[in-house]
Amino acid sequence: QVQLMESGGGLVQAGGSLRLSCAASGNIFSVNTMGWYRQAPGKQRELVATITSDSSTVYADSVKGRFTISRDNAKNTWYLQMNSLKPEDTAVYYCNADRIYINRFTYVTAWGQGTQVTVSS
């Protein structure tokens with residue numbers, strides 16, 4: 001059984017910063033791409049950022065230059081540093097791992113439970 005546990009959400013004023021963490025636990029051999037998604041009220045879930053096993057990153061245009069994704073492979077943990085936050089960043093943020101290998105050949109996909117980020121104006 002593999003689980004993702006997020007932490008770090010909260011309420012912050014516009015222009016402030018937050019750091020989200022996502023820790024994968026369970027029977028883990030390795031993790032490929034790690035990512036963060038968000039869903040605002042009344043909107044579809046959208047990609048925020050991803051990072052591959054060789055640390056290549058992709059960001060949504062709306063967060064480029066403000067958010068930074070990183071990973072610690074030894075801890076099976078990844079992070080989202082969010083700076084210069086705007087009210088439109090308000091959403092539930094979900095971490096995702098598209099392929100968590102539980103052995104050399106078998107993988108699962110996992111999502112975190114979500115953490116609320118609220119940015120006040």
For this session: Keeping to segment 43-55, report how many residues are open to solvent by 50 Å² or more (accessible area, probe 1.4 Å), modelled with pLDDT of 95 or more and not charged (D, E, K, R).
Result: 2
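Filter segment 2-28 down to the residues that are charged (D, E, K, R) and open to solvent by 30 Å² or more (accessible area, probe 1.4 Å) and list them by number. Steps first, please.
As a first pass, look at segment 2-28 and keep what is charged (D, E, K, R): 6, 19.
Result: ARG19, single match.
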For this session: Just name the residue that is farthest from the chain's Cα centre (by Cα) out of those in segment 1-18 that are part of a strand (DSSP E or B) and closer than 18 Å to GLN113 by Cβ.
Result: VAL2
Exercise. Looking only at segment 56-73, which residues are open to solvent by 70 Å² or more (accessible area, probe 1.4 Å), without any contact (Cβ under 8 Å) to a residue 40 or more places away in the chain and more than 14 Å from the chain's Cα centre (by Cα)?
Worked result: ASP61, LYS64, GLY65
For this session: Keeping to segment 74-93, report how many residues are within 18 Å of VAL117 (Cα to Cα) and either polar (S, T, N, Q) or within 13 Å of the chain's Cα centre (by Cα) (or both).
Result: 11
Exercise. Under 9 Å by Cβ, and 6 or more places apart or on different chains, what pairs join a residue from segment 97-113 that is under 14 Å from GLN1 (Cβ atoms) and without any contact (Cβ under 8 Å) to a residue 60 or more places away in the chain with one that is among the small types (Gly, Ala, Ser) and surrounded by 15 or more Cβ atoms within 10 Å (Cβ to Cβ)?
Worked result: THR109/ALA97
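The values are calculated or read from the model by the stated rules, or taken from the named source; none is laboratory data. None of the values given here were measured: they were computed from a predicted structure. Don't worry about glycine lacking a Cβ; one is built from the backbone with ideal geometry, like all the others, and counts go over all protein chains shown. These accessible areas exclude ligands, DNA and RNA; they are computed on the full protein's heavy atoms, side chains included. Shrake-Rupley method; radii C 1.70, N 1.55, O 1.52, S 1.80 Å.
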